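Novice: Take this structure first; my questions come after.
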Amino acid sequence: MRAVLYEQGEMPVFGFFMCSGLASVVVTMAEGGSAEVGLVGCEGVVGAMHILGPNPAPAECFIQMPGSALRIRLEDLRGFFLESEGFRNRMLEFIQQQTVTLGQLAACNKLHEAEQRLARWLLMARDREGTDTMPMTQEFLALMLGTRRTTVTLVAGELQRKGLIEYTRGKMTILSREGLEIAACACYKVAKDALDMLYQQSVAMSDGVR
């Protein structure tokens with residue numbers, strides 16, 4: 001947890017194929033504020049966007065839920081991307097999904113209330129990690145949501161009073177996924193639809209070949 005995969009303002013050296021766990025992409029402003037703009041689980045590759053060009057990373061990426069990954073040098077990953085049409089198409093699908101999610105989270109962090117954003121974030125993490133119980137501190141959630149720790153305390157307490165989550169020190173458990181979906185903003189559905197569509201074209205093509 002908190003292992004840094006690449007730093008903001010630097011070009012990543014490695015790409016990471018996530019096998020388990022969850023990586024978070026976070027932008028930190030010059031004045032010190034931070035907000036999450038992306039999540040990567042076993043559906044994707046940390047650093048995928050950086051095979052497209054030479055721009056340094058505009059955000060930091062670190063592990064927020066412990067897990068494992070397969071690591072490859074970014075220059076080798078770029079070589080596979082250029083050589084293999086099949087691999088390139090899958091990578092572009094994932095990069096598109098990440099772009100859709102990034103845009104939606106940027107709007108969400110600006111326009112929606114903290115309770116909606118917390119519900120949305122928990123659902124997105126659940127979709128990738130596949131577990132209802134996640135290691136989580138209020139300080140960490142405040143960083144993810146770009147808000148104050150006191151605000152997280154209030155909204156987490158409200159979700160707990162509604163019976164949607166259970167929060168104990170360093171651990172949060174989803175009790176009602178359906179209730180969280182009602183509490184979340186519409187941004188969750190946009191992000192979930194983009195995740196569900198990921199790699200569907202390759203599955204359809206494989207079915208056609210069989």
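The values are calculated or read from the model by the stated rules, or taken from the named source; none is laboratory data. Quick caveat: nothing in here was measured; it's all calculated off a predicted structure. Please note: Cβ atoms are built from the backbone with ideal geometry, for glycine as well, and neighbour counts cover all protein chains shown. In case anyone asks, the SASA skips ligands and DNA or RNA and just uses the protein heavy atoms, side chains included. Shrake-Rupley method; radii C 1.70, N 1.55, O 1.52, S 1.80 Å.
Novice: Report whether or not E181 is farther than 21 Å from S24 by Cβ, part of a helix (DSSP H, G or I) and in contact (Cβ under 8 Å) with a residue 12 or more places away in the chain.
Specialist: Details: farther than 21 Å from S24 by Cβ: yes; part of a helix (DSSP H, G or I): yes; in contact (Cβ under 8 Å) with a residue 12 or more places away in the chain: yes.
Against the criterion (farther than 21 Å from S24 by Cβ, part of a helix (DSSP H, G or I) and in contact (Cβ under 8 Å) with a residue 12 or more places away in the chain), E181 qualifies.
Novice: Can you tell me which residue is farthest from E31 (Cα to Cα) among those in region 147-171 that are of a type in the set (S, T, Y) and surrounded by fewer than 17 Cβ atoms within 10 Å (Cβ to Cβ)? Before you say what the answer is, go through the steps one by one.
Specialist: Going residue by residue through region 147-171, those that are of a type in the set (S, T, Y) are 147, 150-151, 153, 167-168.
Cutting the leftovers down to surrounded by fewer than 17 Cβ atoms within 10 Å (Cβ to Cβ) gives us 150, 153, 168.
Details: T150: 20, T153: 23, T168: 31 Å.
Step by step, filter region 147-171, then rank; the result is T168.
Novice: Has region 39-49 got any residue that is on the phi > 0 side of the Ramachandran plot and either exposed (fewer than 13 other Cβ atoms within 10 Å of the Cβ) or within 16 Å of the chain's Cα centre (by Cα) (or both)?
Specialist: To start, the set of residues in region 39-49 that are on the phi > 0 side of the Ramachandran plot comprises 47.
Narrowing the set further to residues that are either exposed (fewer than 13 other Cβ atoms within 10 Å of the Cβ) or within 16 Å of the chain's Cα centre (by Cα) (or both) leaves 47.
Yes, some residue in region 39-49 is on the phi > 0 side of the Ramachandran plot and either exposed (fewer than 13 other Cβ atoms within 10 Å of the Cβ) or within 16 Å of the chain's Cα centre (by Cα) (or both).
Novice: Okay, next question. Could you list all residues from region 103-131 that are under 15 Å from K189 (Cβ atoms), of a type in the set (G, A, S) and open to solvent by 10 Å² or more (accessible area, probe 1.4 Å)?
Specialist: G103, A107
Novice: Something else about it: Suppose we filter region 72-102 for residues that are without any contact (Cβ under 8 Å) to a residue 60 or more places away in the chain, loosely packed, with under 13 Cβ neighbours inside 10 Å and either among the charged types (D, E, K, R) or closer than 30 Å to V155 by Cα (or both); how many remain?
Specialist: Residues in region 72-102 being without any contact (Cβ under 8 Å) to a residue 60 or more places away in the chain, loosely packed, with under 13 Cβ neighbours inside 10 Å and either among the charged types (D, E, K, R) or closer than 30 Å to V155 by Cα (or both): 4 in total.
Novice: Taking the options A106, A119, name whichever one is outside any strand (DSSP E or B), out of contact with any helix residue (DSSP H, G or I) (no Cβ under 8 Å at 6 or more places or on another chain), aliphatic (A, V, I, L, M) and in contact (Cβ under 8 Å) with a residue 12 or more places away in the chain.
Specialist: Numbers: A119 fails: out of contact with any helix residue (DSSP H, G or I) (no Cβ under 8 Å at 6 or more places or on another chain).
Within the list A106, A119, the selection yields A106.
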